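The structure under discussion appears below in the form of structure tokens.
The values are calculated or read from the model by the stated rules, or taken from the named source; none is laboratory data. Note that the structure is a prediction, hence the values are computed from the model and not measured. Here the Cβ positions follow ideal geometry from the backbone for every residue, glycine too, while neighbour counts run over all protein chains shown.
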Amino acid sequence: MTGKQLEFDQRITRLSKKHQKLSRGYRATMRPDGLVVMKPQRMRSAVSAKVLLLCLVGFFAFKAFLLSHLGPAAYETRVESLNQGTPVEQAGAWIMQADPVTAFLSMHLNKVWF
């Protein structure tokens, strides 16, 4: 009797999980034998990859603009002053440090604007 009860409890748990997934959205599909089954629909992310990529490109463009406008020496001075601050400012300094992508974009901005 214990084995049957355990098997029953596992089936109830499995059905409950499937019901939770189906409650978020589902689609009906027909199997080759003609049986219609409901499959849970995957949740889409609230933020698409395109938006994340656009934000990343914008961030690098912002850093490149700052680097080209301030100049490498002044930019490094400001990043170093950030590095001397609180842990949040140190994290900002790590993010804002001049990287190869920023330097490359800054070099091309200098050719175009200055």
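Some observations on this one:
- Residue-level analysis places residue 93 outside the set of residues that are touching a residue at least 40 places away in the same chain (Cβ under 8 Å) and surrounded by 14 or more Cβ atoms within 10 Å (Cβ to Cβ).
- Residue list for segment 41-96, filter: hydroxyl-bearing (Ser, Thr, Tyr) and either at pLDDT 95 or above or over 30 Å from residue 17 (Cα atoms) (or both): 68, 75, 77, 81, 86
- Residues in segment 97-114 that are aromatic (Phe, Trp, Tyr) and part of a helix (DSSP H, G or I) were compared, and the one that is modelled with the highest pLDDT is 104.
- Long-range neighbours under 9 Å by Cβ, at least six apart or interchain, first residue surrounded by 10 or more Cβ atoms within 10 Å (Cβ to Cβ) within segment 44-66, second modelled with pLDDT of 90 or more and of a type in the set (D, E, K, R): 60/99; 63/99; 66/78
- Every condition in (1) under 30 Å from residue 112 (Cα atoms); (2) touching a strand residue (DSSP E or B) at 6+ places or on another chain (Cβ under 8 Å); (3) not β-branched (Val, Ile, Thr) is met by residue 31 except one, and the failing one is (1).
- The helices (runs of 4 or more DSSP H) found entirely in segment 1-96 that carry 2 or more residues being more than 29 Å from residue 110 (Cβ to Cβ), among the β-branched types (Val, Ile, Thr) and outside the structural domain of residue 108 (by TED's automatic domain parsing) are 2-23.
- Positions within segment 67-86 being loosely packed, with under 10 Cβ neighbours inside 10 Å and among the small types (Gly, Ala, Ser), in sequence order: 73
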